[in-house]
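What follows is a set of notes on a single structure, which appears directly below.
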Amino acid sequence: MTMHPWVERYQARIGIAVQGGPTAADPDPTGTIMRAGLLCEELGLDGFFFADHPGFSPEVFVHLAALARETQRITLGSIVCCIYHRHPVMFARQIADLDRLSGGRAMIGLGIGWNEPEFARLGMTLPPVPERQAALAEYVQIVNGVYGDEPFSFTGETFSTSEAHISPRPVQQPRPPLVIAGGGKQVTLRQVARYADACNFGASSNTGSVKGLDSVAQSYAVLRQHCDEIGRPYEEILRTHFTGWFFIAENERDVQAKKEKYFPNGLTREQEYTRIFGTPDQIVSYCAELIDAGVQYFVMQTQDASDTESIELLGREVAPRLRAESGGRG
């Protein structure tokens, strides 16, 4: 493998993106998604991503396709799509179409799934972790294979295909960049080293449970070790970080008001790690420490994409400062 152009873009510049969606009570979820994506484009942020939870929320590729035609610059994708929601050939087709619709701005995000109630809604049983990890390896091989020059066949324990070939191909070659999510040191980060263009983990239990700066740095050290073992340059992998839900306001009083609005009963211990509240100054400090630990690209998730104040402050105040202050990268 060689460094993907998308990864190369952030070797000298910190990336700041948003993953956003509507709340369950939102009366206009499609409008909220579209407005948030267009706002990210307007603000000069690097990407807009939308979670893949068809059992609970609007369908990701329908909305990304609409944004592909309404935007010109931002990367579009999901952090991340569950491998069990679509057959890998169907998924590869959807990514290729999104890449062509957007003029080469699609990102492939893959994960093994975690939401057992959603699996039940879709008529599936959540398999054990080792089975899901093995299925991910099959999935990636099929996606890569069907973007090749010839029809591709593969028989695995979970996924198979016969004589599949995606045409027309994606704009980005050999394919759009691949992000594999999760922080498991023994299997997931080894899969990142072998297959992916970017890693992605965070503090929550469903994004890797990588809590604290020391844990982030340790996870990157393990990833480097896996890269060394297979002879791949560590620098080829973009180090992305999933922040959990972020809430930004101009001053401490308004920050507290948001905390009381969204969490009137207070935060649980888990939420103290995965709900990021602060003024622009505080968010800059939070991100700067993670940059020192090795993060190159932030995926800032919103609980409520109609909270445009948080997105605007991220784009107008936080992102420019991080790019300027991060060791001359910006």
Under 9 Å between Cβ atoms, at least 6 apart or on separate chains: pull out the pairs that start in the range 125-137 with a residue that is under 17 Å from Tyr195 (Cβ atoms) and end on any residue that is assigned to a helix (DSSP H, G or I) and not aliphatic (A, V, I, L, M).
Gln133/Thr188; Gln133/Gln191; Leu136/Thr188; Leu136/Gln191; Leu136/Tyr195; Ala137/Gln191; Ala137/Arg194; Ala137/Tyr195
Within the range 194-233, can you find the residues that are closer than 20 Å to Leu178 by Cα, modelled with pLDDT under 95 and assigned to a loop (DSSP other than H, G, I, E, B)?
Asn206, Thr207, Gly208
State all residues of the range 52-71 that are touching a residue at least 60 places away in the same chain (Cβ under 8 Å) and either under 17 Å from the mean Cα position of the chain (by Cα) or part of a helix (DSSP H, G or I) (or both); if no residue qualifies, say none.
His53, Pro54
Every residue from the range 285-309 that is of a type in the set (A, V, I, L, M) and not in a helix (DSSP H, G or I)
Val295, Val299, Met300, Ala305
Among the residues of the range 162-190, write down those that are crowded, with 21+ Cβ neighbours inside 10 Å and either assigned to a helix (DSSP H, G or I) or β-branched (Val, Ile, Thr) (or both).
Val179, Ile180, Thr188, Leu189
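Just one of Ile95, Ile112, Ile108 is buried (at least 20 other Cβ atoms within 10 Å of the Cβ), over 21 Å from Val7 (Cα atoms) and either touching a residue at least 60 places away in the same chain (Cβ under 8 Å) or not aromatic (Phe, Trp, Tyr) (or both); which is it?
Details: Ile95 fails: over 21 Å from Val7 (Cα atoms); Ile108 fails: over 21 Å from Val7 (Cα atoms).
Only one candidate qualifies: Ile112.
Give the residue, chosen from Phe159, Phe154, that is farther than 25 Å from Glu59 by Cβ and over 19 Å from the mean Cα position of the chain (by Cα). Don't jump to the end; show me each part of the working.
On the way: Phe159 fails: farther than 25 Å from Glu59 by Cβ.
It is Phe154.
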What's the number of the only condition in (1) surrounded by 16 or more Cβ atoms within 10 Å (Cβ to Cβ); (2) of a type in the set (D, E, K, R); (3) over 20 Å from the mean Cα position of the chain (by Cα) that Arg194 fails to meet?
(3)
Looking at this structure, is Ala17 crowded, with 17+ Cβ neighbours inside 10 Å, within 30 Å of Cys227 (Cα to Cα) and either of a type in the set (Ser, Thr, Tyr) or in contact (Cβ under 8 Å) with a residue 40 or more places away in the chain (or both)?
yes
Of all residues making up the range 125-134, the number that are surrounded by 14 or more Cβ atoms within 10 Å (Cβ to Cβ) and in contact with a helix residue (DSSP H, G or I) (Cβ under 9 Å, 6 or more places away or on another chain):
3
Collect the residues in the range 234-270 that are surrounded by fewer than 18 Cβ atoms within 10 Å (Cβ to Cβ), under 22 Å from the mean Cα position of the chain (by Cα) and at pLDDT 95 or above, keeping them in residue-number order.
Tyr234, Glu235, Glu236
Tell me, yes or no, whether the range 277-286 has at least one residue that is surrounded by 14 or more Cβ atoms within 10 Å (Cβ to Cβ) and in contact (Cβ under 8 Å) with a residue 60 or more places away in the chain.
no
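Would you check if Ser205 is more than 20 Å from Arg9 (Cα to Cα), in contact (Cβ under 8 Å) with a residue 12 or more places away in the chain and either touching a Phe, Trp or Tyr at 6+ places or on another chain (Cβ under 6 Å) or surrounded by 14 or more Cβ atoms within 10 Å (Cβ to Cβ) (or both)?
Numbers: more than 20 Å from Arg9 (Cα to Cα): yes; in contact (Cβ under 8 Å) with a residue 12 or more places away in the chain: yes; either touching a Phe, Trp or Tyr at 6+ places or on another chain (Cβ under 6 Å) or surrounded by 14 or more Cβ atoms within 10 Å (Cβ to Cβ) (or both): no.
So Ser205 fails the test.
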Does Tyr297 count as buried (at least 22 other Cβ atoms within 10 Å of the Cβ), touching a residue at least 12 places away in the same chain (Cβ under 8 Å) and either within 21 Å of Gly202 (Cβ to Cβ) or not β-branched (Val, Ile, Thr) (or both)?
yes
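The values are calculated or read from the model by the stated rules, or taken from the named source; none is laboratory data. Bear in mind that the values here come from a model prediction, so they are computed numbers and not experimental data. Methodologically, a virtual Cβ is constructed for each residue, glycine included, from the backbone with ideal geometry; neighbour enumeration extends over all protein chains shown.
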